[in-house]
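> This structure is in structure tokens; I'll ask about it shortly.
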Amino acid sequence: MHKTDVLVIGGGIAGASAGYFLAAHKRVLLIERENGYGYHSTGRSAAEWTAAHFHGLMRSLVVFGRPFLDAPPSGFASVPLLRRRGNVMFAREGGEQAAEEFLRNAKPLNPELEEISADRALQIVPFLRREILARTFYDPENCEIDVDALHQGFLRGLRAAGGETRSGVEFHGAEYRGGCWHARIGTETIEAGVIVNGAGAWADTVATRSGVRPLGLEPRRRTALTFNPGFDAARIPPVDDMSSGFYFKASGPVLMVSPGDQTPSEPCDAQPEELDVATAVDMFENVTTIEVRRLASRWAGLRTFARDEKPVAGFATDAMGFFWLVGQGGGGIMSSPGMGELAATLIRGQPLPERACELDLDAATLGPARLAGG
Ligand SMILES: Cc1cc2nc3c(=O)[nH]c(=O)nc-3n(C[C@H](O)[C@H](O)[C@H](O)COP(=O)(O)OP(=O)(O)OC[C@H]3O[C@@H](n4cnc5c(N)ncnc54)[C@H](O)[C@@H]3O)c2cc1C
């Protein structure tokens, strides 16, 4: 029977990052049900890095992982993982109060965040409609992440350290007996000391299949589309409507638009709904002077949240050796170096680094015990 120290379930960015940081210390086997590794949420993101949009635990994880993205280990990737883009945010009439509150909360932690004039916003994004801009803000720290380079870097590093990755292999279930997990994967049974549940929207299913109490995770569908605006849009930074969650940004030379929807969904291969696509187009045409003629692409993906909407990284309280790595919501890419490193540290039973403690990151804050039923 095949034996491993750690069985990682899920080959998205969560599983790949934890496997990467573990592989130098443990025998790691990562399995992914699909034939490729980024088919679900990881391959469907907007690729943004931002600290200004988060507070609390997610912000700490994002900030903790930033040095890795700025300077990954030599050979990790052949291209920079981050590219500075900046971020324009606007409030419409009636949203000024919320904008004021956002600035009051975010400014102390993001000193470069500033209020800008509508003229300045129009210099950056000339096709915004001036009349909708009640307040405008700019965060120069916002970056674009090369998601594929990051994801592949994690998987390549995992393998280079002696770990194994297998795609097209589903986790069917496991029992803990005799001091280890007996896990049924694909057509075989393997022994593993620890199971890492990085199954994204399916993480509660993986728990149930292991006899572990589910956390009550909620996958929520988010829609996106791209279209050619008739000019090279590569320089357009993310532009966010602060009241609705609607945003648009460059995606290569075309524009990507999302209505900011978050419709609860079963775990599934999420597909865009006509109504959400139409809403996105309508919102875009409402705030800009551009008419959307023909879409280049459209997609939807699941952002999965725990009950308190914070990420979870820690051992289950009702089972031995079952580690949750879930609930990354809309920040799973940007938080992955931080979350992966801290998950690996906790799994190895090592103390968290001092820099994590300075950011109020500790086992209790990260772990599932904070959630009723965790
Ligand atoms: C439209 C959209 C925009 C986003 N924008 C951003 C952004 O700008 N920045 C950011 O940081 N984040 C963003 N996110 C969030 C980010 O994409 C997710 O948080 C992240 O990808 C979650 O990664 P994951 O590995 O947990 O999940 P996934 O990528 O879904 O990976 C989980 C994997 O587990 C596998 N699996 C499930 N069950 C089993 C099983 N039984 N056996 C084997 N394998 C199994 C699945 O096949 C899947 O591949 C966005 C998400 C969406 C949808």
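The values are calculated or read from the model by the stated rules, or taken from the named source; none is laboratory data. A quick note: this is a predicted structure, and the numbers were derived from the prediction, not measured. Cβ: placed from backbone, ideal geometry, glycine included. Neighbour counts: every protein chain shown.
> State which residue is surrounded by the most Cβ atoms within 10 Å (Cβ to Cβ) when the search covers only segment 139-170 and only residues that are in a strand (DSSP E or B) and in contact with a Lys or Arg (Cβ under 7 Å, 6 or more places away or on another chain).
Within segment 139-170, the first condition is being in a strand (DSSP E or B), and the residues that meet it are 139, 143-145, 164-167.
Then keep just the ones that are in contact with a Lys or Arg (Cβ under 7 Å, 6 or more places away or on another chain); that gives 143-144, 165.
Details: 143: 25, 144: 20, 165: 22.
This residue is 143.
> Just wondering, is there one or more residues in segment 109-121 that are polar (S, T, N, Q), in contact with a Gly (Cβ under 8 Å, 6 or more places away or on another chain) and either surrounded by fewer than 21 Cβ atoms within 10 Å (Cβ to Cβ) or not assigned by TED's automatic domain parsing to the domain that holds residue 18 (or both)?
Quick first cut of segment 109-121, residues polar (S, T, N, Q) only: 110, 117.
Then keep just the ones that are in contact with a Gly (Cβ under 8 Å, 6 or more places away or on another chain); that gives none.
No, because not a single residue in segment 109-121 is polar (S, T, N, Q), in contact with a Gly (Cβ under 8 Å, 6 or more places away or on another chain) and either surrounded by fewer than 21 Cβ atoms within 10 Å (Cβ to Cβ) or not assigned by TED's automatic domain parsing to the domain that holds residue 18 (or both).
> Please give the strands (runs of 3 or more DSSP E) falling wholly within segment 21-102 in which 2 or more residues are under 30 Å from residue 363 (Cα atoms), within 15 Å of the chain's Cα centre (by Cα) and of a type in the set (Ser, Thr, Tyr). Walk me through it before giving the result.
Numbers: elements: 28-32, 82-84, 87-91.
Filter on segment 21-102 gives an empty set.
> Another one. Can you confirm whether residue 318 is away from the ligand (no atom under 16 Å from the Cβ), of a type outside the set (A, V, I, L, M), under 27 Å from residue 63 (Cα atoms) and assigned by TED's automatic domain parsing to the domain that holds residue 196? So that I can check it myself, show each step before the final result.
On the way: away from the ligand (no atom under 16 Å from the Cβ): yes; of a type outside the set (A, V, I, L, M): yes; under 27 Å from residue 63 (Cα atoms): no; assigned by TED's automatic domain parsing to the domain that holds residue 196: yes.
When the stated conditions are applied, residue 318 does not pass them.
> Same structure, new question: Could you check, for segment 47-64, whether at least one of its residues is in contact (Cβ under 8 Å) with a residue 60 or more places away in the chain and closer than 18 Å to residue 267 by Cβ?
Checked against the condition, which is being in contact (Cβ under 8 Å) with a residue 60 or more places away in the chain and closer than 18 Å to residue 267 by Cβ, segment 47-64 yields no hits at all.
> Would you point out the residue of segment 35-60, among those that are aliphatic (A, V, I, L, M) and near the ligand (Cβ under 10 Å from one of its atoms), that is surrounded by the most Cβ atoms within 10 Å (Cβ to Cβ)? Don't jump to the end; show me each part of the working.
Taking segment 35-60 as the starting set, the residues that turn out to be aliphatic (A, V, I, L, M) are 46-47, 51-52, 57-58.
Imposing the further condition that a residue be near the ligand (Cβ under 10 Å from one of its atoms) reduces the set to 46-47, 58.
Working: 46: 19, 47: 19, 58: 24.
In this case the residue turns out to be 58.
> When you go through 279, 263, 317 one by one, which is the residue that is over 21 Å from the mean Cα position of the chain (by Cα), without any contact (Cβ under 8 Å) to a residue 60 or more places away in the chain and under 30 Å from residue 343 (Cα atoms)? Reasoning before the result, please.
Numbers: 279 fails: under 30 Å from residue 343 (Cα atoms); 263 fails: over 21 Å from the mean Cα position of the chain (by Cα).
Exactly one of 279, 263, 317 is over 21 Å from the mean Cα position of the chain (by Cα), without any contact (Cβ under 8 Å) to a residue 60 or more places away in the chain and under 30 Å from residue 343 (Cα atoms), namely 317.
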